[in-house]
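Below you'll find the structure, written out as structure tokens, and then a few comments.
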Amino acid sequence: FAVSVQNARLYAEQVDVADQLREVDRLKSEFLASMSHELRTPLNSIIGYAEVLLDGIDGPLTGDMEEDVAAIHESGRHLLSLVNDVLDLAKIEAGQMDLALERVRLYDVVEEVAATSRVLLKGKSVDLILDVPEDLPDVRADLLRLRQIVGNLLANAAKFTDEGTITLRAGIYERDPRWLLVSCADTGIGIASEKLQVIFDRFRQVDQSYSRRAGGTGLGLSITRQLIQMHGGVLWVDSVPGAGSTFYFTVPIAAPDEN
Ligand code: ADP
């Protein structure tokens with residue numbers, strides 16, 4: 001009897017500790033979410049004023065000044081994207097990321113994202129190929145988050161590809177026609193087979209030296225995967241080192257009567 005009382009007490013203590021850990025984890029996510037939010041305001045102002053200077057609104061800049069302000073602007077933008085990533089991740093982990101699901105035309109999303117991503121390929125001999133039929137059924141997704149998903153995959157492809165092609169393709173998923181299958185294929189450096197899983201972990205980058213040159217935090221794919229999963233879909237990758245990588249994800253087709 002004494003043993004079972006002791007077991008019950010130990011069990012109750014374990015439950016307590018688990019509860020406390022969950023609470024600590026929640027506080028951490030909450031703290032991160034509010035910090036990132038507070039950081040964005042002054043950061044946007046730094047970026048905005050740098051733009052004002054670069055536009056010459058306050059008067060002409062000398063060549064050196066322009067270079068320096070451009071560096072401030074560039075670093076500000078970089079920091080902002082980092083803060084945005086941390087905010088997204090904290091929101092997801094705190095269970096505060098709510099999707100605004102609506103009927104979305106994937107063709108439009110791909111066109112828009114491709115248009116804004118072309119600058120990433122400036123100066124490289126990489127062709128961006130879009131192979132998305134205009135008459136695909138609509139999907140049910142959060143428009144902004146779907147843009148973010150496609151934009152992330154495209155930005156990664158651009159980052160790790162020096163020549164060749166990047167192809168964005170979409171069609172009905174053969175294995176289950178209730179889904180669209182979207183893929184982003186590049187002819188870049190590829191990913192070693194033993195790294196194919198870890199790249200989806202937070203803060204994981206395969207080749208530190210290349211990633212440092214290309215920039216990035218190692219958060220993008222983790223966020224992208226979680227956003228896709230929140231839509232009910234899956235994200236996976238195929239790659240041949242030295243030949244390129246293809247990322248695939250599924251997204252649900254909207255029911256005919258859904259808005
Ligand atoms: P980041 O790009 O900020 O480093 P991600 O989470 O987006 O972080 O990607 C994690 C890692 O996965 C990258 O650092 C890179 O090593 C690898 N990776 C992602 N996309 C590609 C790609 N298209 N080709 C080769 N490697 C990639």
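Per-structure values
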{"item": "Checking Ile172 against (1) near the ligand (Cβ under 7 Å from one of its atoms); (2) modelled with pLDDT of 90 or more, the condition it does not meet", "result": "(1)"}
{"item": "Yes/no for Ser34 being part of a helix (DSSP H, G or I), touching a residue at least 40 places away in the same chain (Cβ under 8 Å) and more than 30 Å from Ala158 (Cα to Cα)", "result": "no"}
{"item": "Selected residue (only one of Val69, Val3 is surrounded by fewer than 15 Cβ atoms within 10 Å (Cβ to Cβ), among the β-branched types (Val, Ile, Thr) and out of contact with any Asp or Glu (no Cβ under 8 Å at 6 or more places or on another chain))", "result": "Val3"}
{"item": "Residue match in the range 142-158 (condition: more than 16 Å from the ligand (Cβ to nearest atom), modelled with pLDDT of 95 or more and in a strand (DSSP E or B))", "result": "yes"}
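Each row is one residue, and each column tells you yes or no for (1) in a loop (DSSP other than H, G, I, E, B); (2) modelled with pLDDT of 90 or more; (3) open to solvent by 20 Å² or more (accessible area, probe 1.4 Å).
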{"site": "Ile189", "(1), (2), (3)": "yes, yes, yes"}
{"site": "Gln205", "(1), (2), (3)": "yes, no, yes"}
{"site": "Ser211", "(1), (2), (3)": "no, no, no"}
{"site": "Ser222", "(1), (2), (3)": "no, yes, no"}
{"site": "Pro252", "(1), (2), (3)": "no, yes, yes"}
{"site": "Pro256", "(1), (2), (3)": "yes, no, yes"}
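The values are calculated or read from the model by the stated rules, or taken from the named source; none is laboratory data. Treat the numbers as computed from the prediction; the structure is a model and nothing was measured. So basically every Cβ, Gly included, is an ideal-geometry build from the backbone, and we count neighbours across all protein chains shown. To get the accessible areas, we keep the full protein, side chains included, count just its heavy atoms, and leave off ligands, DNA and RNA. Shrake-Rupley method; radii C 1.70, N 1.55, O 1.52, S 1.80 Å.
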